[in-house]
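Report on the following structure.
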Amino acid sequence: GAVVSQHPSRVICKSGTSVKIECRSLDFQATTMFWYRQFPKKSLMLMATSNEGSKATYEQGVEKDKFLINHASLTLSTLTVTSAHPEDSSFYICSALRTGGRDTEAFFGQGTRLTVV
Amino acid sequence: KQEVTQIPAALSVPEGENLVLNCSFTDSAIYNLQWFRQDPGKGLTSLLLIQSSQREQTSGRLNASLDKSSGRSTLYIAASQPGDSATYLCAVRGGGSYIPTFGRGTSLIVHP
């Protein structure tokens, strides 16, 4: 299957600082990538849809100025958590959409555990 | 709005049992349905993808079926092993959107 690499896998940061998470599709080009947040024992909550070369589309209730998304190339999307607070601590997962051919399929990164202290 | 429900929420079984995990969805106008596995603290690994025109997909000991008219999918795991312990998530992609809607998952423990 296709590979999506997410980095870092774990990060601890101080309150008030910013953290950048990278999501790369290693063996296919992804016009569309998704960013999810997962709370303990909960399902994935879609935060935003990232489209290469255009602004991201944020889900209702997600602060776009706090969670900055940049999809500058067909293989890379980044999520920056700005002015992080302890309540931003969570598991963040990216997904890249592989289109073309017969099937459209989403592939996921390994996730980033963010802890804000 | 699509809603996806997974039953049971948790399951604990002895090794060797055959298992059925259930996923139901409210809007039958789907593009495809995908089953994922998630290990603790990890991302999602795709197990099986079923297009709306298909009725089932198989991979090794896994078999997933899809009944669009009733809004249901099942994941069948044959001869379960301790290594199958994980959370299994069902995701449904709607007919007009590539954005998947996830269920809350079934947490599976297979004990030796």
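Would you mind computing, in nm to one decimal, how far apart the modelled labels at A:Thr82 and B:Asn18 are, each placed 7 Å from Cα along Cα→Cβ?
The modelled label-to-label distance comes out at 5.6 nm.
Could you check the spin-label model distance between B:Ala10 and A:Ile12? Points 7 Å from the Cα along Cα→Cβ, value in nm.
Each label point is offset 7 Å from its Cα along the Cβ direction, giving 2.8 nm.
In the neighborhood of B:Ser46, defined by Cβ-to-Cβ distances under 14 Å, what is the net charge if each Lys or Arg adds +1 and each Asp or Glu adds -1? Numbers along the way, then the final one.
Details: positive: A:Arg98, B:Arg37, B:Lys42, B:Arg93; negative: A:Asp103, A:Glu105, B:Asp39.
Summing Lys/Arg as +1 and Asp/Glu as -1 gives +1.
Would you kindly calculate the mean projected area, averaged across all directions, of the convex hull enclosing the Cα atoms of the protein assembly as shown, in square nanometres?
Working: hull surface 49.6 nm².
In nm², the orientation-averaged hull projection of the protein assembly as shown is 12.4.
Assuming R0 = 30 Å, what is the FRET efficiency of B:Tyr76 and A:Leu26, from their Cβ-Cβ distance, to the nearest 0.05? Display every interim value, and only then the final one.
On the way: r = 31 Å, r/R0 = 1.05.
E(calc), rounded to 0.05, equals 0.45.
Straight-line reach only, C-alpha to C-alpha below 24 angstrom: list the lysines that A:Lys20 could link to, leaving out same-chain residues fewer than 8 apart.
A:Lys42, A:Lys55, A:Lys64, A:Lys66, B:Lys42
Is chain A rounded, prolate or oblate when judged by the Cα gyration tensor, a ≥ b ≥ c being the square roots of its eigenvalues, rounded requiring a/c under 1.5 and prolate requiring a/b larger than b/c? Before the final figure, lay out the partial values.
On the way: a/c = 1.83, a/b = 1.66, b/c = 1.11.
Prolate shape, in that a/c is at least 1.5 and a/b is the bigger ratio.
Mind listing the lone cysteines of chain A, meaning no other Cys beta-carbon sits under 4.7 Å from theirs?
That list is A:Cys13.
Can you work out the Karplus-derived ³J(HN,Hα) for every residue in region B:13-20? Use 6.51 cos²θ - 1.76 cosθ + 1.60 with θ = phi - 60°, whole Hz, and x for glycine or proline.
Residue by residue, region B:13-20 yields 9, x, 4, x, 6, 8, 10, 10 Hz.
Using a ≥ b ≥ c from the Cα gyration tensor of region A:55-100 (square roots of the eigenvalues), is it rounded, prolate or oblate, where a/c under 1.5 gives rounded and otherwise the larger of a/b and b/c decides, a/b for prolate? The partial results should precede the final answer.
On the way: a/c = 2.00, a/b = 1.85, b/c = 1.08.
Note, shape of region A:55-100 comes out prolate.
For A:Val117 and A:Val3 in the same chain, what is the full-extension length gain: residue separation times 0.36 nm, less their Cα-Cα distance, in nm? Numbers along the way, then the final one.
On the way: separation 114, 0.36 × 114 = 41.04 nm, distance 3.15 nm.
Fully extending the segment from A:Val117 to A:Val3 adds 37.9 nm.
Which value in nm describes the separation of the simple spin-label points at A:Ser73 and B:Asp67, placed 7 Å from the Cα toward the beta carbon?
Modelled inter-label distance: 4.8 nm.
Kindly put A:Cys13, A:Cys23 in sequence by how many other C-beta atoms sit within 10 Å of each C-beta, fewest to most.
Details: A:Cys13 16, A:Cys23 28.
The fewest-first ordering by Cβ neighbours comes to A:Cys13, A:Cys23.
In whole Å, largest first, what are the principal axis extents of the Cα atoms in region A:30-84?
32, 23, 17
For region B:8-58, what relative contact order do you get, as a whole percent, if you take Cα pairs closer than 8 Å and at least 6 residues apart?
Numbers: 38 pairs, mean separation 12.9, N = 51.
Taking the mean separation of contacting Cα pairs over the length of region B:8-58, I get 25 percent.
Every read-out reported here was derived from the displayed coordinates using simple, explicitly stated rules and does not represent laboratory data. Keep in mind that this is a model prediction, so the values were computed, not measured. Cβ: placed from backbone, ideal geometry, glycine included. Neighbour counts: every protein chain shown.
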